[in-house]
Structures are given as C-alpha cells and as structure tokens.
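> Take a look at this one; I'll ask things after.
Only the coordinates and a few stated rules stand behind these numbers; no lab work does. Predicted model, so just to flag it, every value in this text is computed and none were measured. Because the Cβ atoms are built from the backbone with ideal geometry, glycine has one as well, and the counts that use them run over all protein chains shown.
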Amino acid sequence: MKPKLIIILGPTAVGKTNYSIELAQKFASPIISCDSRQLYKEMIVGTAPPSIEQLALVPHYFIQSHTVKEYYTAGRYEIEALELMDKLFKKHDNLIMVGGAGLYIDAVCKGLDDFPDADQKVRQILTERLEKDGLESLRMELKKIDPQSYETIDIYNKQRVIRALEVTIATGKKFSSYKRNKNKERFFDIEKLGIIRERNDLYNRINLRVDRMMEAGLVEEVRSLVNYRNMPALNTVGYKEIFDYLDGKISLEEAVSLIKRNTRRYAKRQMTYWGRDEEIAWMTL
RNA sequence: AGGGACAUAGUUCAAGGGUAGAAUAGCGGUCUCCAAAACCGUUGAUGGGAGUUCGAAUCUCUCUGUCCCUG
C-alpha cells in the first residue's frame, strides 16, 4: 500500500495552521509546510508562521529554514520536499502538508518539468533590457528564438517572457522543448483538503491579522531587511508596502490599508487557482 | 428657529441643456521554477416628487438628508 500525503490548503488567514496541528497530532505526523514565504527565517512577523508554542507541539519542516539572501524557487521546493518525504515516509504512513502556495503544491503533486536553474546573470541582463528597450523587444526576440513559447505563454506578462528567454538563452535549448505536459509519477497517494470560510469572515480575519502584525513590529522587521529588498522574497505583501512607507512615499496608515487590500486580493487569487482542481475536498470553517 | 451651501458608482471626484466618465474599492479569470509573484477582464451612480424644454445630472419649485453661519 502506498503511503499517503494529506495536503491541507486554503487562502491566507483561513486557519490552516491550527487545523493542521490538530490533524498532525492525530496522525502522529510531522508537518511539511508548503508556504513560499514562511520558509524564510528573516520573515516572521509579516508571514504569520506557526508560533513557537505550536512549533513545539509538532515538528515542522520548511518553516524559517531558508534565507532571503538566496534565490528560491518552486523547482527547488519540489526537489527538497520530495527528498524529505522520501525520508519521512520510512517512519510514517501518513504525512501532513500545509500551505497556501498553489504552485508549490502542484510542484509536489504533479511535478514541474526539469528546467535548468535560472541563470541569475542572464536574468539580470534581460531585466535591464526590459527597462531599456521595453517588453516588445523581448517579445520579438522570443518569437525569433522560440516561436513555440511565443505562441503559448502570456506574452504580456514580463516575468513569463523573461523566463522563457532566459532558459533558452542560458541553455541553448528552447524553453518549449523542456515541456513534457505530463505529470510525474509519485510513490505516494495524495489527498487534498481545502479549507474555506465565508468571504466576510475571511476578510475580517485578514484585517485583524494585519493589525496584529503592526503591533508585533512589522515595521521594524521590514526595516531590518532593507538590504535585501531587491530579492524576490521581499516582493511580498506586507513588505513592499512598508518599504514604500519607509521611503516616505505613503503614510503608515495608507501602508496598512494597502496591506489589507493586497492580502484580500491574494486570498482571492488563491481561491481562483484552486477553483478548477477537482481533487480538492472542500470544508467550510 | 432663521440664513446659506451641497446632494452623481461602496468611496473620492469629472461632466453645467445634447451618448453620465475616471480613479479606487468590489467582482471574475490566467498560471510549469521570482507565485504573498506577474498578468488579463468586468459590474455598478445622477436622493424622492413635480415643472420648464424636442431634450435636464445641469434650469425652476418642493420634500428629504448632510454641512456651515447666526441666535
């Protein structure tokens, strides 16, 4: 019989942490976090990870385990998470995974194709070209060197265009040639449990959580990270807005309401992402 | 109580006799490695009533509401 991975997912602030700890205790399983921001050890106040008390109740993985100083991607998460599960499943029949990062969850469940790691230098050059010559210029180059990708990706999305270009340029093989459009085989079964709340309820929880983050010293945490503000990790709701405040672009009050708004939008995008995933069993809290 | 000003989308503000627009919020969607990212799309309003006019958000009257001044 295959071991089973139970994934608890849901929008931000819905209450995944509490629920997962209960469930993990029931299954005597550790918790594998699947959250693209809680895995940074420098980002604590603004990412609402499990508390110290909660972490003491159940062993957690991928919580404050990485640094904002290094680039991290969904691809690396897939590799690291699979390695970890390989080990943990030797002792556990069931493992609990919790998180809100849709792409990271998909990476674990279906697997990403084996693109080479992003070449930061190539990305840097492309990003500068984007600023200088505009997106259209990058689009035209993609059309030339990988027309297949030009046809299939969102060519108005600069991140995607750069991604396709950087892989093609860095490896000499077309970005589209890496795609296999096939899910990877996994050695474990997967059960997805989605948690949802009524929208007003969720929005109230989001607003409350942001107020608590401010009380807990979000501004200080963000101030301590100014040197890394250009790293992708810091391109995060709650951090961007405070950077703007520290720059004097907006008032603290504006920053707070922007954080609330952007968190609401994030929650909505999460729901959209999972909207068509028929494997998820939904549960309203 | 008297005098004055104002009333347009959830909010802030345009249009001053001729197709009611914008920003923002809200809502919906996309997604194979920066994903708390990066994109795309969209609903919605002239406070109520009467009048002038071919035609009223716009002019007149009235009611209602809000604000200011005076007592």
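> With an 8 Å Cα cut-off and a minimum separation of 6 or more residues, compute the relative contact order for chain A in percent.
Relative contact order here is 27 percent.
> Using the Cα centre of chain A as origin and beta-carbon charges of +1 (Lys, Arg) and -1 (Asp, Glu), tell me which of A:Met213, A:Ala48, A:Phe27 is placed farthest towards the positive end of the dipole.
Of the options given, the answer is A:Phe27.
> Could you give me the ³J(HN,Hα) list for the range A:75-92, computed from phi with Karplus coefficients 6.51, -1.76, 1.60 and θ = phi - 60°, whole Hz, x at Gly and Pro?
x, 5, 4, 4, 5, 5, 5, 5, 4, 4, 5, 3, 6, 5, 5, 5, 10, 10
> Report ³J(HN,Hα) in whole Hz for each residue of the range A:123-130, in order, from the Karplus equation J = 6.51 cos²θ - 1.76 cosθ + 1.60 where θ = phi - 60°; Gly and Pro get x.
4, 4, 4, 5, 5, 5, 5, 4
> Which distance in Å, rounded to a whole number, links the C-alpha centroids of the range A:150-199 and the range A:13-46?
Rounded to whole Å, the Cα centres lie 25 Å apart.
> Can you list residues from other chains, or at least 5 along the same chain, whose modelled amide H is less than 5 Å from the amide H of A:Met97?
A:Ile6, A:Ile7, A:Ile8, A:Ile32
> Enumerate the whole-percent occupancy of each 5 Å bin, from 0 to the last occupied one, for all C-alpha pair distances of the range A:129-285.
P(r) for the range A:129-285, in whole percents per bin: 1, 7, 12, 11, 12, 13, 16, 14, 11, 4, 0.
> So how much slack lies between A:Asp189 and A:Thr152, counting 0.36 nm per residue of separation and subtracting their Cα-Cα distance, in nm?
10.2 nm
> Three principal axis extents, largest first, for the C-alpha atoms of chain A, in Å?
Extents along the principal axes, in whole Å: 55, 55, 32.
> Mind checking the dipole of chain A: about its Cα centre, +1 per Lys or Arg Cβ, -1 per Asp or Glu Cβ, Debye to the nearest 20?
The dipole of chain A has a size of about 460 debye.
> Name the shape class, rounded, prolate or oblate, that the alpha-carbon gyration tensor gives for the range A:35-122, where a ≥ b ≥ c are the square roots of its eigenvalues, rounded holds for a/c under 1.5, and otherwise prolate holds if a/b is larger than b/c and oblate otherwise.
Oblate.
> Here is a further query. Which FRET efficiency value, to the nearest 0.05, do you get for A:Lys144 and A:Asp86 by plugging their Cβ-Cβ distance into 1/(1 + (r/R0)^6) with R0 = 35 Å?
Calculated transfer efficiency: 0.25.
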